[in-house]
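Structure, as structure tokens:
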Amino acid sequence: MPVPWFLLSLALGRSPVVLSLERLVGPQDATHCSPGLSCRLWDSDILCLPGDIVPAPGPVLAPTHLQTELVLRCQKETDCDLCLRVAVHLAVHGHWEEPEDEEKFGGAADLGVEEPRNASLQAQVVLSFQAYPTARCVLLEVQVPAALVQFGQSVGSVVYDCFEAALGSEVRIWSYTQPRYEKELNHTQQLPALPWLNVSADGDNVHLVLNVSEEQHFGLSLYWNQTGPQIITLNHTDLVPCLCIQVWPLEPDSVRTNICPFREDPRAHQNLWQAARLRLLTLQSWLLDAPCSLPAEAALCWRAPGGDPCQPLVPPLSWENVTVDKVLEFPLLKGHPNLCVQQVNSSEKLQLQECLWADSLGPLKDDVLLLETRGPQDNRSLCALEPSGCTSLPSKASTRAARLGEYLLQDLQSGQCLQLWDDDLGALWACPMDKYIHKRWALVWLACLLFAAALSLILLLKKDHAKGWLRLLKQDVRSGAAARGRAALLLYSADDSGFERLVGALASALCQLPLRVAVDLWSRRELSAQGPVAWFHAQRRQTLQEGGVVVLLFSPGAVALCSEWLQDGVSGPGAHGPHDAFRASLSCVLPDFLQGRAPGSYVGACFDRLLHPDAVPALFRTVPVFTLPSQLPDFLGALQQPRAPRSGRLQERAEQVSRALQPALDSYFHPPGTPAPGRGVGPGAGPGAGDGT
């Protein structure tokens, strides 16, 4: 297979002047030898059979040293193959045997041996070449004139052009005469490998690092060196559109079959986007890491705290075409944690969104983004970006930015706003809102202090009722502390109305504990107004920021939805209405589990007689999964604050939740009109009790 010249340059050195290779023109093998010697190459290869060592009849030619050199065999100017030139150095070994009857015959014997001692020497030299999977043997005939025959002295060398070899291969060469008078010479040479391919280890992962230019197209083959029929299993998470398969027999000049079966596979495209990552390099430059090329565009968007969707800044900015592993730049003057990059594919579907500057600049800020538009004759207009749109300033609208419009304009003129982008047509400014919120809270605190002073005055005037007021105040403080318990977000799949009532009973029972429970059953109006995805993102972020816990309540429908997301199979059973937040939540829950962020922030649970814990997908069993109500104490302990001490009342609280939950369990597993079993709900009740659903 022809070797491109740039690969040879990479393998042999950066300077072709220092490591230039001789070029041989023509496909034929050739041989030449030192001056005074004559040599000839047999027309075809021979069998590689060294044979046994036999005694030399007299002086013979024997190989003494092997020398190799890399050359190029070229059919055309740019069509060259890497070739290995071999030089065999020869010497005269052995001596003439003196006849035993030399004295008997006298001078006659001298005359009889004079002619053979002055004759030339001939030898057949064999070169054996092995470089998996190729093996060759060639025969060279060499003749040395009598004038050069000197016992024990080198007579010159014979050179063979040449054995074809591949970069990175190990070559072994043997040389001997035929017949063989001495032990064969051998030489092993490791041809240079391509430095742009190397293997590195990262824990249990192995990385193949390819370092080629952006203009160079390349193919990579990972193959099994096996014989006979083979069944090769690929993990579905490893499938990407650019994954191709190449099959060929391990024979010289074999035809290779190529197939790329996943180019149009939806699962492969989904895996590709899940593996894609945005990476910030500097303030203005970033790149997209992905296993394959992606036809996509990217633009900046502004994400305000509160769970509102990220609002694209197009215009005034524009969409940019994205190339994988190519550095891209946005014309920003400053970074801001609320600035995010949103990625879309060719079908204008949002696939990836990441706030690149949040890691270095902190969490989202309660800032208002002002868009300045510049027109002819130095005319300019300002508007504040809000979820409802861009509100002109000043304005009499009822939005927050409109009410604070005069203050925002004053801050802009006094230089308190941060300029993020500037162009001939406009600019972007980020103005802080913290001080206005602090002023509002200062008024609230002042009102509270006045109320406390008035209450104290009333208590002093009515001493008889002071103790009663103190008891009531103590109860209010305790109830307030309970109300500010750990936040818990309950996620479930709405399999049917009976299961929803069961979830509502569990949420109500947990509210009796020092927990702040959020569930979509109690937020239907917000869910309808914001949509399931936005509602869940806001609840999840708030819960995790406050150190809360997300509870995944698994049911047959929830397991089916998880399997659908993990395997991209058919839709799970049951109808999923507009209020089903579990389906919407998987888009954000799955990355937490895949990237190892779930432990400590997530717990799982399922009902004893409805689902066995082993039915929960293995990915979600990386966090504790409890069965209810049999493991209620452990479940409640997992819902406590991570550093909170184990309360001695944990068993009492578990019994309290169990009593509150029992009527709903009985109603779900044994609807009215069906006989109830003689024992309560427990792990030994058996899986068959779930048939009533």
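Put ARG277, ARG659, ARG516 in order of accessible area, highest first, and with a 1.4 Å probe you get ARG659, ARG277, ARG516. The candidates VAL519, VAL324, VAL25, arranged from most to least accessible area with a 1.4 Å probe in the full protein assembly, appear as VAL25, VAL324, VAL519.
The heavy atoms of SER38 present about 60 square angstrom of accessible area, all protein chains included, probe 1.4 Å. Within the full protein context, the accessible area of CYS242 is estimated at about 70 Å² for a probe radius of 1.4 Å.
Computed from phi, the 3J(HN,Hα) profile of segment 40-52 under the Karplus parametrisation 6.51, -1.76, 1.60 (θ = phi - 60°) reads 8, 9, 4, 5, 9, 5, 10, 6, 8, 10, x, x, 8 Hz, with x in place of Gly and Pro. Less than 5 angstrom separates the built amide H of PHE607 from those of LEU628, all sequence-distant by 5 or more or on a different chain. At the residue level, LYS334 shows approximately 110 square angstrom of accessible surface with a 1.4 angstrom probe and all protein chains present. Taking all protein chains together, HIS32, HIS537 sort by accessible area into HIS32, HIS537, largest first [probe 1.4 Å].
The values are calculated or read from the model by the stated rules, or taken from the named source; none is laboratory data. Owing to the predicted nature of the structure, the values given are computational and were not obtained by experimental measurement. Protein only, heavy atoms only, side chains kept; ligands, DNA and RNA dropped before computing areas. Shrake-Rupley method; radii C 1.70, N 1.55, O 1.52, S 1.80 Å.
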